[in-house]
1. Under a GNM of the chain (C-alpha, springs under 10 Å), which listed residue has the highest mean-square fluctuation: Thr419, Thr207, Thr272?
2. Loop only per DSSP, at most 10 neighbouring Cβ atoms within 10 Å: give me the GluC sites (Glu not before Pro) in segment 101-190, ordered by residue number.
3. Between Lys375 and Val187, what length comes free when the chain is fully extended (0.36 nm per residue of separation minus the Cα-Cα distance, one decimal in nm)?
4. Report the one residue of Ala344, Gln401, Leu365 whose Cα lies farthest in the direction of the positive end of the charge dipole of segment 335-433 (charges on C-beta: Lys and Arg +1, Asp and Glu -1; origin at the Cα centre).
5. Rank the residues Asp165, Asp198 as a footprinting-exposure proxy: fewest other Cβ atoms within 10 Å of their Cβ go first.
6. Would you mind checking which residues have amide H under 5 Å from Arg364's amide H? H placed 1.01 Å from N; only 5 or more apart, or other chain.
7. Rank these for me by crowding, Met414, Met114, going from fewest to most other beta carbons within 10 Å.
8. At a threshold of 8 angstrom on Cα-Cα distance, excluding pairs fewer than six apart, so keeping six or more, what relative contact order does segment 335-433 reach in percent?
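Here, each number is a calculation from the coordinates, and none is a lab measurement. Every value quoted in this text rests on a predicted model; they were computed, and no experiment measured them. Don't worry about glycine lacking a Cβ; one is built from the backbone with ideal geometry, like all the others, and counts go over all protein chains shown.
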Amino acid sequence: MSKKFIQAIRGMNDILPTQTPLWQHIEATLRHVLETYSYQEIRIPILEKTELFSRSIGEVTDIVEKEMFTFLDRFDKNNQADSLTLRPEGTAGCVRAGIENALLYNQIVRLWYMGPMFRHEKPQKGRYRQFHQIGAEAYGLLGPDIDAEIILMTARFWQQLGLEDLELQINSLGTADARAAYRQKLVSYFSDHHNQLDEDSQRRLHTNPLRILDSKNPDMQPLIETAPQLLEHIDEDSQTHFAALKQLLDQTGIHYRVNPRLVRGLDYYNRTVFEWVSQRLGAQATVCAGGRYDTLVEQLGGKPTPAIGFAMGLERLVLLVSQAESPAPLVAPDAYLVMVGDEAVQQQGFRLAESLRDAIPKLRLLTHCGGGSFKSQFKRADKSGAQIAIVLGEDEIAQQQVTLKYLREEKPQMLVAQTELADYLTQNLGQMIG
């Protein structure tokens with residue numbers, strides 16, 4: 001009786017070799033842009049204490065209430081155990097690391113990170129239980145200029161990736177005090193229309209009413225459209241900050257739309273919030289989102305530190321880029337080493353292969369393993385996609401040469417001295433291995 005094979009957990013997907021070249025292209029492009037803006041990489045743990053997220057994201061947010069992968073650690077000698085959570089986002093961990101390692105206080109710091117995040121959501125196109133984000137955070141700067149720089153940097157991402165149809169939406173949430181006053185107006189307004197609220201909105205009414213504005217339920221939209229607007233109730237300093245940001249974006253040619261319903265789903269945001277959206281992603285339209293969180297560092301035990309950041313889902317970027325261009329091909333080897341003969345041939349072949357790797361660090365050389373006839377090895381060489389087959393047999397060893405056969409071009413096969421092989425490959429495969 002055969003055993004049933006074990007499948008991946010729902011919503012946690014394999015990224016196959018046919019897909020990884022596109023992922024690597026996107027990751028390398030984003031990393032390059034981040035480095036040109038002088039952001040430095042930080043690598044933070046996947047697992048954190050649950051309290052970190054409940055204190056930062058907000059206990060009444062959907063993420064903390066319904067979406068986190070949380071469990072108890074092993075009990076210690078006092079029969080106590082920490083509650084641990086797989087990170088659902090990167091900002092809280094980045095702030096925790098900054099405080100713990102004294103990176104933030106009285107300093108201007110620009111950081112970026114990349115890696116998997118986890119949310120227990122219903123899997124759908126562009127939304128998974130394990131997903132990958134790349135994000136950036138800037139600390140120690142209070143003015144709208146850093147807001148503009150962050151947005152300009154994300155705009156350069158799309159330019160470098162060849163994406164042309166993303167829309168920038170911006171809004172200001174004001175200060176916590178201004179938002180608290182607005183919250184009361186919102187609760188009063190929606191309470192007067194309680195019978196028109198869907199189940200989620202009724203649940204959020206007295207815990208997180210701003211999230212009602214972000215509802216995707218089409219039946220809720222007429223009610224949301226006539227709700228009081230946050231921008232009309234924010235404090236004067238936030239209005240000035242927002243006006244200066246818009247002016248900077250105007251002057252640098254960044255097109256945007258002010259979306260008064262944009263509130264973001266995390267409690268720590270204040271003042272500037274923004275999203276880049278695409279109509280090509282269906283319901284999961286947001287590609288990149290972020291904003292200011294000037295009170296979060298202090299909230300998590302650090303000194304008062306202004307901050308702004310963003311994150312973007314790599315799965316959604318992969319979908320967009322793959323729609324915009326042909327899927328990236330598998331990364332084929334430059335050369336395939338065929339070895340025909342006894343153990344001495346194989347031993348000589350491995351020495352030759354390692355000497356080539358030493359001489360040409362970027363050479364993609366696939367060395368044949370597993371034995372087989374000359375004909376079968378050539379079939380595997382051709383199937384690999386390599387440009388050249390390097391043939392080493394007893395005759396070649398005796399003459400200290402190799403036979404080269406081009407697999408993708410109509411060129412005659414030729415003999416090359418082993419001592420001259422590295423120079424020959426460098427000259428003839430230069431563009432591929434340079």
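1. Thr419
2. Working: sites: Glu121, Glu137, Glu149, Glu164, Glu167; in loops: Glu121, Glu164.
Passing both the DSSP loop test and the Cβ count: Glu164.
3. On the way: separation 188, 0.36 × 188 = 67.68 nm, distance 7.69 nm.
Gain on extension, Lys375 to Val187, equals 60.0 nm.
4. Farthest towards the positive end: Leu365.
5. Details: Asp165 11, Asp198 14.
So the ranking, lowest neighbour count to highest, is Asp165, Asp198.
6. Those qualifying (amide H under 5 Å, at least 5 residues apart or on another chain) are Asp334, Ala335.
7. Working: Met414 12, Met114 19.
Ranked by crowding around the Cβ, least crowded first: Met414, Met114.
8. Numbers: 135 pairs, mean separation 29.4, N = 99.
Result for segment 335-433 is 30 percent.
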